[in-house]
Amino acid sequence: MNTVGKVVKDKGCSTGAVRGLSLQMIDEMNLIIPSVLVSIDDLDIDAPSNDLVLNLFMQPRAKEALRKAIKRRGVPIRLNSVYRTVAQQHLLFSWQGSCGITIAAKPGRSNHEDGFALDTPDFSPWKIALEAEGWDWFGPKDQVHFTYIGGGVRDDVGDIGVKAFQTLWNKNNPSDQIKVDGDYGPTTADRLNRSPAAGFGVKRILKVTEPMMEGEDVRQVQQALEKLELLSAAQVDGFYGPDTASAVETFQKREGLGVDGQVGPSTRKALKITA
């Protein structure tokens, strides 16, 4: 399983690696407080459609102020960063001193986590329009950064984000409950590292990659194939390599499935793997 802790160690330097988990956290936040964050993808924003890093969410009042600033200037705004979940901030905090990150706020304390901050590479031409609608430019130390200070926003959304993760963890780990207190401490950091980067309950498609996929989900497939005498006990090692893919292809042919050597929902169901 690709966990948040593995992402930290791999230093892929992209917070998009925890996109799936982040979206689950945002959903959980809106269960705790309805519409505490709202989508801004209906605004005139210049962001690649395949960008997995940006979470296009803000607090409602900040969104309205951004909408007015965009209307005032009359052109789309390019964004580098908007809302950041505690999982993404955890990555940045862990990567300090690498990935080009010199300093990062403690998770739960970045105003990107509060849903009223944005970064734009076009800070100079946007400064007048944004400031006219209540956005404050950080200045030369962080030229791309603006914070909404026009009022009508909550200042505890970072804490709510931590609570959302803690609640999400407890929902998916009934035998390992943690305190839901909004505090990013050692216990929460540890559970973040152990959480699936793609999100809880999300099954990845197993296939041959370089480096090889590894984890308990691979081992479960191999154990099922061993029971069918398509793999030997020695081949049950938790790594999805060519031998496992070949065994999967044999199984797929036998079951009349599409033969691609990959384990997706249909093959997993046929192997009777439900966990």
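Laboratory data are not the source of any read-out in this text; all were calculated from the coordinates shown. All of these numbers come straight from a predicted model, not from anything done at the bench. Because the Cβ atoms are built from the backbone with ideal geometry, glycine has one as well, and the counts that use them run over all protein chains shown.
Amide H contacts of Phe57 (H built 1.01 Å from N, in plane; Pro and chain starts excluded): Ile40, Tyr83 sit under 5 Å, all sequence-distant by 5 or more or on other chains. Using the Karplus relation 6.51 cos²θ - 1.76 cosθ + 1.60 with θ = phi - 60°, the per-residue 3J(HN,Hα) values for region 89-105 come to 5, 4, 4, 4, 4, 6, 8, 4, x, 9, 6, x, 9, 8, 8, 9, 5 Hz, with x marking Gly and Pro.
Going by Cα centres, region 228-271 and region 107-138 are how many Å apart? Measuring centre to centre over Cα atoms gives 50 Å.
Other residues with beta-carbon under 10 Å from the beta-carbon of Gln89 carry, at +1 per Lys or Arg and -1 per Asp or Glu, a net charge of +2. If you run the Gaussian network model on the chain, springs between alpha carbon atoms under 10 Å, then out of Asn172, Asn55, Asn111 the most flexible one is Asn172.
Using a Gaussian network model of the chain in which every pair of alpha carbons under 10 angstrom is joined by a spring, one finds that among Asp114, Asp181, Asp260 the greatest mean-square fluctuation is at Asp260. For each pair in Lys9/Lys227; Lys68/Lys171; Lys63/Lys106, compute the distance between the two Cα atoms and list the pairs where it is over 31 Å. Pairs exceeding 31 Å: Lys9/Lys227; Lys68/Lys171. Taking a ≥ b ≥ c as the square roots of the eigenvalues of the alpha-carbon gyration tensor, region 216-270 is classed prolate because a/c is 1.5 or more and a/b outweighs b/c. Among beta bridges identified by DSSP and lying wholly in the chain, the antiparallel ones come to about 85 percent. When you filter the chymotrypsin sites (Phe, Trp or Tyr not before Pro) in region 105-162 for DSSP loop state and at most 11 other Cβ atoms inside 10 Å of their Cβ, nothing is left. Pairwise Cα separations in the chain fall into 5 Å bins from 0 onward with the following percentages, short to long: 1, 5, 11, 14, 14, 13, 11, 9, 7, 6, 4, 2, 1, 0.
Hey, what angle do you get for helix 216-227 against the long axis of the chain, alpha-carbon based, 0 to 90 degrees rounded to 10? The angle comes out near 20 degrees. Just checking the listed ones, Ala47, Ala17, Ala198: in the Gaussian network model of the chain with Cα springs under 10 Å, the one fluctuating most is Ala47.
Rounded to the nearest 10 degrees, the angle from helix 157-172 to the longest Cα principal axis of the chain is 20 degrees. Rounded to the nearest whole Hz, the Karplus-based 3J(HN,Hα) values (6.51 cos²θ - 1.76 cosθ + 1.60, θ = phi - 60°) of region 75-80 follow the sequence 9, x, 9, 8, 10, 9, with x at glycine and proline.
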